[in-house]
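Structure, as structure tokens:
The values are calculated or read from the model by the stated rules, or taken from the named source; none is laboratory data. If you're wondering where the values come from, they're calculated on a predicted model, not measured in any experiment. Every residue, glycine among them, receives a Cβ derived from its backbone with ideal geometry; neighbour counts consider all protein chains shown.
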Amino acid sequence: MENQRSQLQRLARESRLLREEGLREAGISSTVISQAVKAGELIRLSRGVYHHPEAELDENLSLSEVAARVPKAVITLLSALQFHQIGTQQPHAVWILLKQNAVTPKIDYPQLEVIRSKMASSFSKGVVTHLLNDIPTQITNPARTVVDCFKYRSRIGLDVCLEALKDILRNDVKPTEIMDYAKAQRVASVIRPYLDALV
């Protein structure tokens, strides 16, 4: 038990966020985790996610927390816009993409907005894994994010889409790259008129 406790303290010092699943794989029991939380050696951020009291967590905490709880989710739409500093959106929830038949995660905080896709390419094309607070976090890249905004414009509003499109064009994202993702996401005919008007 003491061995587990010292191993847990070492892991907590080495990583900014810890997943309970990872701790269990390292041979640390839930009893030892609970004792560490009671002793103030570990802070329970949310169900199954912990951090050391002195861990330096960055501004992407909510994204990494969701990625720790739902590893197969892709951060998208308004949350991806904010991550890439595109436009002026301040989302009230973390927007994630899940497979059509995936179970909706039961997370009280941070709040989630879930969109779904049947297309396998939605989970790979234009999706980049970033290490946020030591948690691998899948996020759509800038061009793919803007294309997704147009795809789900009824959920987020056309004004958000247009602001984001103007912003990435100013930041040297090529129209051809945008159209590649637009074709893959089946919204090329929606985006083309706006793209033509801006370039």
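If you take the residues of region 93-121 that are part of a strand (DSSP E or B) and of a type in the set (Lys, Arg), which of them is farthest from Cys149 (Cα to Cα)? Looking at the filtered set, the residue picked out is Lys99. Does region 125-139 contain at least one residue that is of a type in the set (A, V, I, L, M, F, W, C), outside the structural domain of Leu11 (by TED's automatic domain parsing), within 16 Å of the chain's Cα centre (by Cα) and not in a strand (DSSP E or B)? Scanning region 125-139, I find no residue that is of a type in the set (A, V, I, L, M, F, W, C), outside the structural domain of Leu11 (by TED's automatic domain parsing), within 16 Å of the chain's Cα centre (by Cα) and not in a strand (DSSP E or B), so the answer is no. Just one of the listed residues (Glu65, Glu21) is surrounded by fewer than 22 Cβ atoms within 10 Å (Cβ to Cβ) and either at pLDDT 85 or above or not assigned by TED's automatic domain parsing to the domain that holds Ile139 (or both), namely Glu21. Going by the structure shown, is Ala93 in the same structural domain as Val147 (by TED's automatic domain parsing) and among the small types (Gly, Ala, Ser)? Here the answer is yes, as Ala93 does meet what is asked.
Do we have Thr140 as among the hydroxyl-bearing types (Ser, Thr, Tyr) and buried (at least 16 other Cβ atoms within 10 Å of the Cβ) here? Let's see the steps before the verdict.
Values: among the hydroxyl-bearing types (Ser, Thr, Tyr): yes; buried (at least 16 other Cβ atoms within 10 Å of the Cβ): yes.
The answer is yes for Thr140.
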